[in-house]
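Remarks on the structure that follows.
The values are calculated or read from the model by the stated rules, or taken from the named source; none is laboratory data. Everything quoted here is computed from the prediction, not taken from an experiment. Using ideal geometry, Cβ is built from the backbone for each residue, glycine included, and neighbour counts are taken over all protein chains shown.
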Amino acid sequence: MGDPSGWMSTSGPGPTAANDVADRGEPQVARMYDYYLGGKDHFEADRIAAEEVLRTAPNSAKFARANRYFLQMVVEYLAREQGVDQFLDIGTGIPTRPNTHQVAQYHRPHARVLYTDNDPIVMTYAEALMTSTREGRVDYIEADLRRPQDILGHPCLAGPEPVFDLERPVAVCAVAIFHFVTDEHRPGELLRTIMEPMPSGSFLVLSHTTEDFDDAMKEAAEVYRRRKLPVQLRSDAEVEEIVSEAGLELLEPGVRPLNRWWPGRPARLAPIPLYSDAEASCYGLLARKP
Ligand SMILES: C[S@@+](CC[C@H](N)C(=O)[O-])C[C@H]1O[C@@H](n2cnc3c(N)ncnc32)[C@H](O)[C@@H]1O
């Protein structure tokens, strides 16, 4: 029989710790995303909301998989081919293996990863996330991207024992989070602020959902909004504007449907994608701070 709270989990700290922090009556985006991915860490309210999204836009489960694949591929590319060993992952989500630090530390065992998310339930998984290699370091802070100083001013970044050496490039991962940052929060300015202390040569990895390939995405966004979860889908031009407002240079292949995004390759030379544009319904990009 399931837990009476409606909690389902096969991993992590279990229902007691999660129940302490969770508002079980309201769905949360991290737990809904976990549901799309076939995870077990969600409550009934999350399942009901996620099922409504899936009925409205059945591609949402494929979006989540395509997005995870994109995140893992770019982190691997940065660690293996660009020598990046410092990652700030904003909007961590409920752990889904392989997580950013597992990919980065596979290629660079001494890599340092700082996770941040504004959902307290993700914090309950911090222990699971913080399993670093001996040579590396993994930390987690609870903070909201819309208040960037909470991230930048945190001791993990500001010291006395900061995670990163800001003399060397950092890859900032903002994967599937900016569609939760509506224009009233000035996403370009937010991104510029976050990138401010990062040295020249630092990277931004970003993915962002869109309605450009599947009209059902508009209705799916309404399902979130009806539950007081603000979502703003954006076109490729709008995503590009956020990046350029932040003063970053787009790298090849630019802003592309992430199912067709391959590092450093023009789209026409990319392998056959696993998902269609409509199934992914998400743009991906890699940019660099000049
Ligand atoms: C769709 S999940 C993406 C998880 C992971 N980045 C990935 O791509 O697989 C979005 C995550 O962003 C977090 N999030 C949403 N808005 C946020 C904000 N304003 N500040 C920090 N985290 C936020 C949610 O709690 C959730 O864990």
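Filtering the stretch 113-129 to residues that are more than 19 Å from PHE43 (Cβ to Cβ) and within 17 Å of the chain's Cα centre (by Cα) leaves VAL113, LEU114, TYR115, THR116, ALA126, LEU129. In the stretch 159-209, what residues are within 12 Å of the ligand (Cβ to nearest atom) and without any contact (Cβ under 8 Å) to a residue 40 or more places away in the chain? Passing the criteria: only HIS185. For the stretch 53-63, filtering for residues that are of a type outside the set (Ser, Thr, Tyr) and either out of contact with any Ser or Thr (no Cβ under 9 Å at 6 or more places or on another chain) or part of a loop (DSSP other than H, G, I, E, B) (or both) leaves 5. Counting only helices (runs of 4 or more DSSP H) that sit completely within the stretch 175-290, those holding 1 or more residues that are more than 28 Å from LEU152 (Cβ to Cβ) correspond to 216-226, 236-245, 277-280. Could you tell me which numbered condition GLU196 fails, if it satisfies all but one of (1) within 30 Å of LEU54 (Cα to Cα); (2) surrounded by fewer than 16 Cβ atoms within 10 Å (Cβ to Cβ); (3) charged (D, E, K, R)? GLU196 satisfies all of (1) within 30 Å of LEU54 (Cα to Cα); (2) surrounded by fewer than 16 Cβ atoms within 10 Å (Cβ to Cβ); (3) charged (D, E, K, R) except (1). For the stretch 100-120, filtering for residues that are more than 9 Å from the ligand (Cβ to nearest atom), closer than 19 Å to ILE141 by Cα and in a loop (DSSP other than H, G, I, E, B) leaves 1. Here the condition is being modelled with pLDDT of 95 or more, more than 13 Å from the ligand (Cβ to nearest atom) and of a type in the set (S, T, N, Q); of THR92, THR133, it holds for THR133 alone.
Between ILE151, ILE141, ILE94, the distinction of being of a type in the set (A, V, I, L, M, F, W, C), in contact (Cβ under 8 Å) with a residue 24 or more places away in the chain and out of contact with any strand residue (DSSP E or B) (no Cβ under 8 Å at 6 or more places or on another chain) belongs to ILE94 only.
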